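The values are calculated or read from the model by the stated rules, or taken from the named source; none is laboratory data. If you're wondering where the values come from, they're calculated on a predicted model, not measured in any experiment. Here the Cβ positions follow ideal geometry from the backbone for every residue, glycine too, while neighbour counts run over all protein chains shown. These area figures cover heavy atoms from the full protein model, side chains too; ligands, DNA and RNA do not enter into them. Shrake-Rupley method; radii C 1.70, N 1.55, O 1.52, S 1.80 Å.
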Amino acid sequence: MLRKPGDTHLAVVLLSGGMDSCVAVAIARQSCGLALMHVSYGQRTEERERRAFSDIARHYGVHRTLATRLDHLKVIGGSALTDPSRDAVEARRPGSSVPDTYVPFRNTHLLAMAVSWAEVLGARSVYIGAVQEDGSGYPDCREEYYEAFNRLLRVGTRPETRLEVRTPLIHMSKEEIVREGLRLDAPFHLTWSCYTGQEIACGRCESCCLRLKGFRAAGVPDPIPYAS
């Protein structure tokens, strides 16, 4: 699994199976060799997301893949994504700008795993499809968070490691993400964004609403099935 002589600049891409991470893969592959990582953490739709990950990796012909787990995030709880007794559709908390679908400090756990793998592979970058401007208000999707994480990388990895986290979608709207994906021929039909549905997207949770808004604004139909 180590990087071979003659490989192009290698990037580890965190691929949840959703629309944003799929477009991040499409962007990264323009200039990098790909290693794709998927992390399950006990989220409601983990089986469907894992299938989307496999389908997208197969679509792009990527064989350097790693699917792993962070089960302690479900045990810790605190999120409607990992606790089925909480409402993942009407998930806005009174008096808070952060919805109940926020998984506490999740992206730090994901990035730590991706950085560990990237350092072993000799990768030069880690891509994540984080979106700040048209997202849900998650604190670990802000630009300043990734700036801070990159400072941590410089002091927390080997001196010879040259690695950074890249966030190519951070300031895009959902419409812009859809348009960029269409330009790069990203396989949107293989992606999954719904917080609750496994085979048919609910069309009501915030992730579905943001996704549908992006496709409507771009003037193209969303290719995945939704509940009527």
Quick check: is even one residue across region 136-150 open to solvent by 20 Å² or more (accessible area, probe 1.4 Å), touching a Leu at 6+ places or on another chain (Cβ under 9 Å), outside any helix (DSSP H, G or I) and polar (S, T, N, Q)?
no
For this session: Answer yes if at least one residue in region 81-91 is open to solvent by less than 20 Å² (accessible area, probe 1.4 Å), without any contact (Cβ under 8 Å) to a residue 40 or more places away in the chain and within 18 Å of the chain's Cα centre (by Cα), and no otherwise.
Result: no
Scanning region 185-214 for residues that are over 15 Å from Glu47 (Cβ atoms), hydrophobic (A, V, I, L, M, F, W, C) and without any contact (Cβ under 8 Å) to a residue 40 or more places away in the chain, the one least open to solvent (accessible area, probe 1.4 Å) turns out to be Cys208
Exercise for the section: Determine if region 64-72 includes at least one residue that is assigned to a helix (DSSP H, G or I) and open to solvent by less than 20 Å² (accessible area, probe 1.4 Å). Expected result: no
| query | Is it fair to say His189 is under 16 Å from Gly17 (Cα atoms) and assigned to a helix (DSSP H, G or I)? | reply | yes
Condition set open to solvent by less than 40 Å² (accessible area, probe 1.4 Å) and modelled with pLDDT under 95, scope region 103-135, selection farthest from Glu46 (Cα to Cα): answer is Asp134
Considering region 151-173, residues that are in a loop (DSSP other than H, G, I, E, B) and out of contact with any helix residue (DSSP H, G or I) (no Cβ under 9 Å at 6 or more places or on another chain), and then whichever is surrounded by the most Cβ atoms within 10 Å (Cβ to Cβ), we arrive at Arg162
